[in-house]
Amino acid sequence: MAKPNSERPVLVTTAYKGVFFGWASKTDGPTIALKRARLCIYWSADLMGFMGLAAKGPNSQCKIGPPADIELRDITSVTECTEAAVQRWEK
């Protein structure tokens, strides 16, 4: 599932309650650079929390922002995304 330049799909949460999907090559340390990052503005209860976004990906009831390359600070978690979730995030 990793891209040729060793990027991997992750869901990152921040101390400011941000929930972001994107591609990262380095996930240790106080900041994480995400390529093609998408902000989850709202997710539906049937996903059962942010880990559902990493396992299943967003559904039609979720509100997802457009992609951008960003750097996140104050990281609280980094969760691997399944291939099924990646397909839905990138849809």
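The values are calculated or read from the model by the stated rules, or taken from the named source; none is laboratory data. Computed from a predicted model, the values in this text were never measured in an experiment. Glycine gets a Cβ as well: all are built from the backbone with ideal geometry, and neighbour counts include every protein chain shown. Protein only, heavy atoms only, side chains kept; ligands, DNA and RNA dropped before computing areas. Shrake-Rupley method; radii C 1.70, N 1.55, O 1.52, S 1.80 Å.
Annotation for residue 28 and residue 42: the two label points, set 7 Å from Cα along the Cα-Cβ direction, are 4.0 nm apart.
Think of a 1.4 Å ball rolled over the protein heavy atoms: the chain then has 59 Å² of accessible area per residue.
Rolling a 1.4 angstrom probe over region 40-91 with all protein chains present gives an accessible area of which 56% lies on carbon and sulfur atoms. Note on residue 16 and residue 62: the extension gain reaches 14.6 nm, defined as 0.36 nm multiplied by sequence separation minus the Cα-Cα distance. With 20 Å as the cut-off, how large is the P(r) tail for the chain, expressed as percent of Cα-Cα pairs? The proportion of pairs with Cα distances above 20 Å equals 25 percent. Residues whose amide H falls under 5 Å from that of residue 59, counting only those 5 or more places apart or on a different chain, are 44, with hydrogens built in the peptide plane.
Place +1 on the Cβ of every Lys and Arg and -1 on the Cβ of every Asp and Glu in the chain, take the dipole about the Cα centre, and give the residue among 10, 75, 31 whose Cα lies farthest towards its positive end. It is 10, whose Cα lies furthest towards the positive end. Taking every C-alpha pair closer than 8 Å and separated by at least 6 residues, the mean separation divided by the residue count of the chain gives a relative contact order of 34 percent. For the chain, modelled as a Gaussian network with Cα springs under 10 Å, which listed residue fluctuates most, 75, 64, 41? Comparing 75, 64, 41 in the GNM, the peak value goes to 41.
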